Every structure is written in structure tokens, then in C-alpha cells.
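A short worksheet on the structure shown next.
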Amino acid sequence: MHVHFGPLPGCIGRIAELHGRFYAEQAGFDVEFEAMVATQLSAFCVRFDPNRDGLWLAMEGDEVLGSVAIDGTGAAEKGAHLRWFIVAERLRGSGAGRRLLAAALAFCDQRRYPQVDLWTFDQLQAARHLYEQHGFVLTSTQRGRQWGTEVNEQRFLRCAG
């Protein structure tokens, strides 16, 4: 596995597929969630600025098996937003997620973003463990439907050191 920086042709569809399949199995999310990932990720890739934003892809050959993104829009003032963190089942437990997350946070540190936030939900314990290992702290929990299914949404925050 190697890590590629920046969007590649086919990555939007593959990242959306990884999210769609995983979240359908884990939380019962439907196609509405996958469509939202594809729509928002497409907009992000179109406006992608490598000086401000980051997208890291876990690759085996030319196959995308994982991703994480940093949306740096307004990050110098209010902080960056971590999004689309996912690893294919066959890479789970291999350290691929840890490598992706470390690359994204190093990018934020290099740019001196004051903080990084992310939204997730309470059923993703392995991801939460990784977030906490990398300095994220749970700041709020609320019941919500932002992903099409009602879950306990969680906001995590990592402040610059």
C-alpha cells in the first residue's frame, strides 16, 4: 500500500462506494448517504487547492482502498475540517488508517491551522480510538439526521499544539 496526495480520476466514485457499503453495513445508512458523499466530495475535488486542502488516498496499484481529506476553506481563521476518512475492509488493522490520519494532521500542522474538527457518530469505536490517539477530544454529542439516518452525532476537535 502507498499513499497518494491529491485527487485522481475515479477516486470520487470509489470513495463514495467505500462509504456507501461500509455505512450501510454498520449503521443501516441508505443510498441517500452515498449520494451525499459523492456530491460533497465532487464539489471539494473541483475546488481543490493543494496549498489549502488535502486528499490522501490509500492505494494498491491503481485501486483506491482508503481516503482522508482536509477541507481548508477558512482554516487559517477557524480551523480545518477532516472528512471522508475510510479504509477498505481488507486494509483494516494494517495501519493504513493511522498513516492516512497522520498525513492529514501533519499537513494541518505545517499550515499552522489553529484547529481541526470532524463529525462522526457513536457507533464507530475503532475510528474514535484513532482520533483520540491523534489528539482529538469529543466536544459535543447530539441526536441528528445529517447523514440520512438518525444517529448520535459527535463532534471532535483537535487544537494546534
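The values are calculated or read from the model by the stated rules, or taken from the named source; none is laboratory data. This is a predicted model, so every value here is computed, not measured. Methodologically, a virtual Cβ is constructed for each residue, glycine included, from the backbone with ideal geometry; neighbour enumeration extends over all protein chains shown. What goes into the accessible areas is simple: the full protein's heavy atoms, side chains included, and nothing from ligands, DNA or RNA. Shrake-Rupley method; radii C 1.70, N 1.55, O 1.52, S 1.80 Å.
Cβ separations smaller than 8 Å between residues 6+ apart or across chains give the following pairs from segment 35-60 residues that are among the aromatic types (Phe, Trp, Tyr) to residues that are surrounded by 14 or more Cβ atoms within 10 Å (Cβ to Cβ) and in a helix (DSSP H, G or I): Trp56/Leu100; Trp56/Ala103; Trp56/Ala104.
When segment 111-130 is limited to residues that are free of Cβ contacts under 8 Å to residues at least 40 places away in the same chain and among the polar types (S, T, N, Q), the one that is surrounded by the fewest Cβ atoms within 10 Å (Cβ to Cβ) turns out to be Gln125. The single condition among (1) in contact (Cβ under 8 Å) with a residue 12 or more places away in the chain; (2) closer than 23 Å to Gln26 by Cα that His134 does not meet is (2). Of the residues making up segment 44-67, at least one is assigned to a helix (DSSP H, G or I) and surrounded by 14 or more Cβ atoms within 10 Å (Cβ to Cβ).
When segment 2-16 is filtered for residues that are assigned to a loop (DSSP other than H, G, I, E, B) and buried (at least 16 other Cβ atoms within 10 Å of the Cβ), only Pro7 remains. Thr73 fulfils the conditions (1) open to solvent by 60 Å² or more (accessible area, probe 1.4 Å); (2) not in a loop (DSSP other than H, G, I, E, B) except for a single criterion, (2). Filtered by the rule that a residue be hydrophobic (A, V, I, L, M, F, W, C) and in a helix (DSSP H, G or I), segment 100-138 gives Leu100, Leu101, Ala102, Ala103, Ala104, Leu105, Ala106, Phe107, Cys108, Ala126, Ala127, Leu130.
In segment 98-110, the qualifying residues are those that are open to solvent by 10 Å² or more (accessible area, probe 1.4 Å) and free of Cβ contacts under 8 Å to residues at least 60 places away in the same chain, and the one that is nearest to His19 (Cα to Cα) is Arg98.
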